[in-house]
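Below is one structure, written out as structure tokens, with a few remarks after it.
The values are calculated or read from the model by the stated rules, or taken from the named source; none is laboratory data. All values derive from a computational prediction rather than experimental measurement. No Cβ is skipped: glycine too gets one built from the backbone with ideal geometry, and neighbour counts run over all protein chains shown.
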Amino acid sequence: MPHQVHLLIIGVTFGLVLGILIVCLIFFCIRCYKKDSNIRQSANDASVTTDTSVTTLPIRTNGLETSIDFSASITSSTTMSRSENVQKDSNFSCWSRQSKDRFAKSPGIPKYSYKEIQKATQNFTTRLGQGSFGTVYKATMPTGEVVAVKVLASNSKQGEKEFQTEVLLLGRLHHRNLVNLVGYCVDKGQRILAYQFMSNGSLENILYGEERKLSWDERLQIVFDISHGIEYLHEGAAPPVIHRDLKCANILLDHSMRAKVADFGLSKEEVFDGRNSALKGTYGYMDPAYISTNKLTMKSDIYSFGIIIFELITAIPPHQNLMEYIGLAAMDHDGIDGILDKQLVDNCNIGEVRQLAKIGHKCLHKSPRKRPPISVVSQGISSIKQRRQRHHAIEEIMSLANSRAESMNRSVD
């Protein structure tokens, strides 16, 4: 009997100790879980403010036609608490670790140190302009290749996302009508992108500048090149990519005036998940259907391309009531003639202009479903270009025949 009591006491004691250990373990696990959840929630609140933001912050502040991210919230630096600053630093270090891991999956893109970029730009002396998230400089790489270097502004929150998007997307996107990414830098707190140098700058600067005039042949070639760049994004890339910020400022021209689509910071891979997309883009180029519904599709790019088509025809920028002029011109079969760029009057084939305007009108249809896919748009532009080439060939034959006839007449005389 005493032996059984002794065993019972031992068993009860062991059970109590075991129970206490289990309770302590459960309490510890719950505490760790809550702490981890709070950290993740804080990081998400600091780095992603897509659907909960009320006030908006423009990515650029250097002109009327600036890219806007309507999902980025404004936070006053004077009211930021010490804990928020610590949180921001921890988020940046976390982003840096993630970006290194993700960029490793982008083969073929060289990574440069800050010193190498500094040397290539001669300590950032030759400034080319203002990019979507920082300043652009001219640089000569060790290989002798001339490139354009974009440096992320230190106070640009959205720029970090743009930087990551461009590296990851352009690591797998390669086409003759897309600006190539030739390198990047994540070093000493700096994020830098190096692109192939486009000597003739942006279409916006040339179209609205005074230094150079664009002929009708050049404009037709440019719109042809842009369509092929978009066609690759929509139908050649896997998964398809929506550019999201197509505009004249993001179309660059090389030494031969061949156009390439640039600036993929706001681009997004097409995902059929039924979710609404944060509103991003540029006023005047943004699809009204996208603005009203927040549903981003490839047809939003088609709308933006339609605006570019009419800019090339009229040389009227979107912020100068371009859509009103287009609407008035649509009321008359020959209405486009009245808003034709003065530089093209008597210097173009008006029939070809009307055909291109008809394609532009289809791209700007109010209903995204009724807008043609980019392959159809590209085919239509290609047909105009082919007829243009045949017209030139006939003109050359006629000119040659006339010159021969004149030489024969002179020999007879």
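Could you list, ordered by first residue, the pairs with Cβ atoms under 7 Å in which the first is in the range 184-195 and at negative phi and the second is among the acidic types (Asp, Glu), at least 6 apart or interchain?
Arg191/Glu160; Leu193/Glu166
Which one of the conditions (1) modelled with pLDDT under 95; (2) under 29 Å from Glu211 (Cα atoms); (3) not in a helix (DSSP H, G or I) does Asp337 fail to meet, given that it meets all the rest?
Result: Asp337 fails condition (3) only.
Mind checking which residues of the range 321-359 are exposed (fewer than 14 other Cβ atoms within 10 Å of the Cβ) and among the β-branched types (Val, Ile, Thr)?
Answer for the range 321-359, where residues must be exposed (fewer than 14 other Cβ atoms within 10 Å of the Cβ) and among the β-branched types (Val, Ile, Thr): just Val345.
Please find, among Lys299, Lys295, the residue that is part of a loop (DSSP other than H, G, I, E, B) and over 18 Å from Glu204 (Cβ atoms). Explain how you work it out, then say what you get.
On the way: Lys299 fails: part of a loop (DSSP other than H, G, I, E, B).
The conditions single out Lys295.
Check whether at least one residue in the range 212-222 is more than 21 Å from Ile384 (Cβ to Cβ) and modelled with pLDDT under 95, and report yes or no.
Here is the first cut: in the range 212-222, the ones more than 21 Å from Ile384 (Cβ to Cβ) are 212.
Keeping just the survivors that are modelled with pLDDT under 95 gives 212.
Yes, the range 212-222 has at least one match.
Does Ile326 count as in contact with a helix residue (DSSP H, G or I) (Cβ under 8 Å, 6 or more places away or on another chain), in a helix (DSSP H, G or I), closer than 30 Å to Leu279 by Cα and of a type in the set (Val, Ile, Thr)? Before the answer, list the steps.
Values: in contact with a helix residue (DSSP H, G or I) (Cβ under 8 Å, 6 or more places away or on another chain): yes; in a helix (DSSP H, G or I): yes; closer than 30 Å to Leu279 by Cα: yes; of a type in the set (Val, Ile, Thr): yes.
Considered against the rule, which asks whether it is in contact with a helix residue (DSSP H, G or I) (Cβ under 8 Å, 6 or more places away or on another chain), in a helix (DSSP H, G or I), closer than 30 Å to Leu279 by Cα and of a type in the set (Val, Ile, Thr), Ile326 comes out as yes.
Which residue out of Asp263, Asp273 is modelled with pLDDT under 95 and surrounded by 18 or more Cβ atoms within 10 Å (Cβ to Cβ)? So that I can check it myself, show each step before the final result.
Working: Asp273 fails: surrounded by 18 or more Cβ atoms within 10 Å (Cβ to Cβ).
When all the criteria are applied, what remains is Asp263.
Among the residues in the range 231-249, are any at pLDDT below 95, of a type outside the set (Phe, Trp, Tyr) and under 22 Å from Val146 (Cβ atoms)?
yes
Checking the condition modelled with pLDDT under 95 and in a helix (DSSP H, G or I), which residue from Lys161, Lys150 passes? Explain how you work it out, then say what you get.
On the way: Lys150 fails: in a helix (DSSP H, G or I).
When all the criteria are applied, what remains is Lys161.
Return the pairs, sorted by first residue and then second, in which the second residue is in a loop (DSSP other than H, G, I, E, B) and surrounded by fewer than 23 Cβ atoms within 10 Å (Cβ to Cβ), the first residue lies in the range 236-248 and is aromatic (Phe, Trp, Tyr), the beta carbons are less than 7 Å apart, and the residues are 6+ apart or on different chains.
Hits for this filter: zero, empty list.
Every residue in the range 363-393 that is within 18 Å of Trp216 (Cα to Cα) and either among the β-branched types (Val, Ile, Thr) or not assigned by TED's automatic domain parsing to the domain that holds Ile350 (or both), please.
Start the filter on the range 363-393 by keeping residues that are within 18 Å of Trp216 (Cα to Cα), which leaves 378, 380-393.
Ile381, Ile384 - these are the residues of the range 363-393 that are within 18 Å of Trp216 (Cα to Cα) and either among the β-branched types (Val, Ile, Thr) or not assigned by TED's automatic domain parsing to the domain that holds Ile350 (or both).
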